[in-house]
Amino acid sequence: MSHLLAPQAVASAYRRNCPSTIMTSLARRYANGKIYTQKPKSIPVRQSKYSRHQTSTSGLQGIAFIEQDNWYAEIRRLQSIHPVKFVVLTELFLQTENSMLRQMKLSLPVLSVMLVLASLIAWPRDSFAEPPRGVDCVATELLPSSIVACAEVSDLGEALETVLKHPLRSKLEAMPAYDGFIQSGAPAKIQTGLRAFEATMGKPWQEAMETLTDRGITIALDASDGGVAILVHSSDADSLERFRGFVLAFRQMQGATAKQGEYRGFTADLVGDKWKMVRIHDWLLLTNNAELGKSIIDQYLDRNGDSLETNTTYAAAQKSIDLGDREHSTVSAYVDIEPLRDAGFAKSVFNEKIDNIVGEVALGGVLANLRHTSFVTGQFNIRDAGLSLRLATPHQRDWEAPREYFFGEPQLAAAPSLLDVENRLFAVSTHRDLSQMWLRSGDLVSDRAVDQLAVADTTLTTFFSGRDFGEDILGSLESEIQIVGMEQDFTDVLPQPAIKLPAFAVQFRMKNPDETQPELRRVFQSFIGFLNVTGAQNGQPQFDLGMETVGDAQLVTATYVPEKGARESRDAKIQFNFSPTLAFAGERIVFASSTALARKLIESPSGNKHDNEVGSQAGVPNTIGRLETTTLQRILETNRPQLIANSMLEKGHSKQAAEDEIALLLELIGFLRDVRLNLNVTESQMTLGLAVDVTSDSEAQ
């Protein structure tokens with residue numbers, strides 16, 4: 001393999017052999033771009049556009065001079081020619097008075113070639129210890145058992161190919177924002193770096209990255225001292241050495257001083273603040289902790305100590321990962337929760353009581369699990385259809401107390417299916433025994449939150465004529481909760497609000513409709529009257545109560561009364577998005593922000609949609625949710641003028657900048673189709689799945 005001369009060495013050689021008058025402007029054009037594989041007697045050097053000089057090549061053995069436009073192809077060709085020892089770019093422009101590297105005037109192509117030259121010189125290849133006999137290990141056999149978190153990237157090459165060849169890439173590149181990125185000059189710098197990387201590696205960058213990482217990448221966090229280790233395993237040790245040279249050359253180009261150390265026959269190079277890099281045959285190790293690095297090298301050579309592979313918690317976590325789709329996971333991760341919990345990390349997560357009642361309803365059971373579980377596993381997958389994430393923990397029924405309301409008792413309870421309406425924006429369905437949660441609030445939330453609930457309980461008891469809100473009112477409802485939101489259609493509605501918000505509704509099932517329905521209807525009517533009184537005191541529009549019958553269903557409605565002269569308005573107050581409605585249909589009860597949505601739910605006997613499973617998750621679906629991003633985009637587009645005005649007011653943007661910002665937001669949302677979430681629970685495991693689906697190429701047209 002040829003050895004290429006670093007730019008510093010080129011400058012030094014010319015200073016020794018060239019007259020100072022020639023050094024004033026050196027290497028502007030060399031021999032009309034010819035390639036020298038043997039030492040020429042002299043080199044034509046154009047000192048200025050008016051004269052040309054000859055300079056001796058004494059002492060410059062086997063230099064090859066190439067034209068700037070052809071440097072990439074020529075360097076790759078020269079790497080395979082044994083007699084060529086040095087390569088010099090013909091557009092290198094040196095200063096004579098101060099020839100330090102920082103005073104060289106370099107174009108981007110020159111900079112990249114200098115990087116290639118520096119990376120392919122004397123980083124000795126024979127300075128590494130011989131591999132131990134029979135070495136054939138995985139990263140977890142090298143990492144110490146004290147590792148508390150690690151992530152393994154199984155196939156970086158496939159992930160890169162999926163991203164780079166995705167059908168939506170052409171759509172992203174057609175966006176105006178991408179044109180602005182191109183004009184910023186940043187892509188040119190990136191491209192220059194990639195060309196230098198490709199020249200160093202001797203192959204296209206994507207193929208080089210695939211070779212470098214074809215046996216996996218592992219990132220690990222050590223509990224003992226917070227050290228981080230990154231292990232890159234490759235089938236080609238020569239590619240790792242080339243990459244090492246590239247990194248070291250890049251640091252030298254930035255003016256960093258080369259610092260090295262040695263441990264048991266392996267060279268450690270300083271590549272950043274506290275970060276060191278070591279090539280261990282077909283492994284590349286980067287770490288910010290010397291002791292962690294030494295322990296990995298010791299384990300590689302000796303293989304006689306405890307490792308992460310022998311850690312019982314890690315072994316159990318691997319079985320959990322196997323229950324998922326390990327084969328198709330781009331990244332698999334593991335976190336040992338117990339050491340973090342014992343060390344007082346994220347105390348608010350592991351506290352017995354929560355300071356937020358909404359957070360308790362949404363995540364109380366999940367946090368209860370984290371207070372007992374030993375580990376969490378994660379699997380992340382990139383595919384043409386989108387992204388998916390799966391988090392899993394062990395689970396035991398005796399961990400649930402006092403939050404049985406979250407899971408169901410005595411058996412695990414399932415969430416109902418999602419409500420389905422036209423122009424649906426989102427839907428969430430879950431199991432929560434709100435009555436038990438309210439009654440046990442003293443065991444679940446902080447004292448401050450309990451005080452707030454006590455005030456609310458007193459007010460609600462007054463509204464319900466002395467009946468206990470937690471036991472009598474919430475206790476009259478089943479634990480199945482369905483929430484849905486939809487885009488509102490204001491086409492034939494006047495007055496129209498200037499800002500058009502989505503409508504939303506909550507649906508329950510009543511345990512005893514004959515008793516519950518009259519009581520809730522009366523309370524709703526009283527509540528609307530209360531709002532009219534307080535609204536009148538604050539100059540707000542008044543509600544007009546109404547009753548509707550749809551088949552066997554009954555709706556109690558409340559609509560805002562517009563002011564005189566504003567009945568035809570198309571920029572009415574935001575309140576005109578709302579027409580609160582209480583609807584009864586059999587055992588179902590619906591609280592809706594608009595009469596139109598309540599009608600749609602009542603007219604649909606089931607109103608359910610089974611379309612939300614994220615991956616292959618076993619267990620009872622405790623909570624499921626879905627966000628329709630196409631509907632979200634339409635709602636935002638409808639309110640584009642208000643969004644632009646808000647950006648100008650809050651961020652101080654010019655009108656054009658605000659318009660560009662909102663346009664970019666809408667375009668990016670347009671690339672998504674939906675977001676889905678599932679929380680599943682079994683007797684032994686809790687699983688949270690999240691999936692983001694993107695539009696197909698035909699949908700993006």
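The values are calculated or read from the model by the stated rules, or taken from the named source; none is laboratory data. The structure displayed is predicted, hence computed values, not measured ones. A quick note on method: Cβ atoms are made from the backbone with ideal geometry, for glycine too, and the neighbour counts reach across all protein chains shown.
Quick notes on this one:
- Filter result (crowded, with 18+ Cβ neighbours inside 10 Å and either over 17 Å from A139 (Cα atoms) or out of contact with any Phe, Trp or Tyr (no Cβ under 9 Å at 6 or more places or on another chain) (or both)) within the range 324-333: G324, S329
- Filter pass, R626 being touching a strand residue (DSSP E or B) at 6+ places or on another chain (Cβ under 8 Å), at pLDDT 95 or above, among the charged types (D, E, K, R) and in a strand (DSSP E or B): yes
- Residue match in the range 397-406 (condition: at pLDDT below 90, in contact with a Leu (Cβ under 9 Å, 6 or more places away or on another chain) and either in the same structural domain as S604 (by TED's automatic domain parsing) or not aromatic (F, W, Y) (or both)): no
- Some residue of the range 436-446 being in the same structural domain as P518 (by TED's automatic domain parsing), part of a helix (DSSP H, G or I), of a type outside the set (D, E, K, R) and closer than 27 Å to V675 by Cβ: yes
- Among the candidates E207, E262, the residue that is part of a helix (DSSP H, G or I), surrounded by fewer than 17 Cβ atoms within 10 Å (Cβ to Cβ) and either in contact with a Pro (Cβ under 8 Å, 6 or more places away or on another chain) or of a type in the set (D, E) (or both) is uniquely E207.
- Scanning the range 349-356 for residues that are out of contact with any Ser or Thr (no Cβ under 7 Å at 6 or more places or on another chain), part of a helix (DSSP H, G or I), closer than 20 Å to Q436 by Cβ and touching a residue at least 40 places away in the same chain (Cβ under 8 Å) turns up nothing.
- Hits in the range 490-511 - residues which are of a type in the set (S, T, N, Q) and free of Cβ contacts under 8 Å to residues at least 24 places away in the same chain: T491
- Check on I337, over 25 Å from the mean Cα position of the chain (by Cα), at pLDDT 90 or above and not aromatic (F, W, Y): no
- Set side by side, the residues D302, D298, D336 differ, and just one is of a type outside the set (F, W, Y) and exposed (fewer than 15 other Cβ atoms within 10 Å of the Cβ), which is D302.
- Hits in the range 512-529 - residues which are of a type outside the set (V, I, T) and touching a residue at least 60 places away in the same chain (Cβ under 8 Å): P513, Q517, L520, R521, S526, F527
- Among residues of the range 264-275 that are basic (K, R), those with a beta-carbon under 9 Å from a residue that is in a loop (DSSP other than H, G, I, E, B) at least six positions away or on a different chain give the pairs R264/A129; K274/N288; K274/N289.
- Of the criteria (1) more than 30 Å from P641 (Cβ to Cβ); (2) in contact with a Ser or Thr (Cβ under 8 Å, 6 or more places away or on another chain); (3) modelled with pLDDT of 95 or more, which one E487 fails: (1)
Conditions (1) over 30 Å from S224 (Cβ atoms); (2) modelled with pLDDT under 75; (3) over 20 Å from the mean Cα position of the chain (by Cα), marked per residue:
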site: S146; (1), (2), (3): no, no, yes
site: A149; (1), (2), (3): no, no, no
site: G157; (1), (2), (3): yes, no, no
site: A174; (1), (2), (3): yes, yes, yes
site: G180; (1), (2), (3): yes, yes, yes
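- For R279, the stated conditions hold: it is in a strand (DSSP E or B), out of contact with any strand residue (DSSP E or B) (no Cβ under 7 Å at 6 or more places or on another chain) and over 24 Å from D342 (Cβ atoms).
Let's see how each residue does on (1) among the charged types (D, E, K, R); (2) assigned by TED's automatic domain parsing to the domain that holds P641; (3) more than 43 Å from the chain's Cα centre (by Cα); (4) assigned to a helix (DSSP H, G or I):
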site	(1), (2), (3), (4)
P541	no, yes, yes, no
G546	no, yes, yes, no
T557	no, yes, yes, no
P562	no, yes, yes, no
R570	yes, yes, no, no
F576	no, yes, no, yes
V590	no, yes, no, no
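- So R521, is it of a type in the set (D, E, K, R), part of a strand (DSSP E or B) and surrounded by 16 or more Cβ atoms within 10 Å (Cβ to Cβ): no
- L367 passes every criterion in (1) more than 22 Å from T623 (Cβ to Cβ); (2) assigned to a helix (DSSP H, G or I) apart from (1).
- Residue-level check: of (1) part of a helix (DSSP H, G or I); (2) out of contact with any Leu (no Cβ under 8 Å at 6 or more places or on another chain); (3) farther than 16 Å from F591 by Cα; (4) at pLDDT 90 or above, G470 misses just (2).
- Matching residues, the range 358-374, being of a type in the set (G, A, S), free of Cβ contacts under 8 Å to residues at least 60 places away in the same chain and out of contact with any Lys or Arg (no Cβ under 7 Å at 6 or more places or on another chain): G359, A362
- Among residues of the range 299-327 that are outside any helix (DSSP H, G or I), those with a Cβ under 6 angstrom from a residue that is surrounded by fewer than 16 Cβ atoms within 10 Å (Cβ to Cβ), sequence gap 6+ or separate chain, pair up as S307/E141.
- Among residues of the range 209-224, those that are within 25 Å of N288 (Cβ to Cβ) and touching a Ser or Thr at 6+ places or on another chain (Cβ under 9 Å), counted: 10
- Inside the range 544-562, residues that are closer than 19 Å to D492 by Cα and surrounded by 13 or more Cβ atoms within 10 Å (Cβ to Cβ) make up a count of 5.
- Single match in A583, A566 (criterion: touching a strand residue (DSSP E or B) at 6+ places or on another chain (Cβ under 9 Å) and more than 24 Å from F464 (Cα to Cα)): A566
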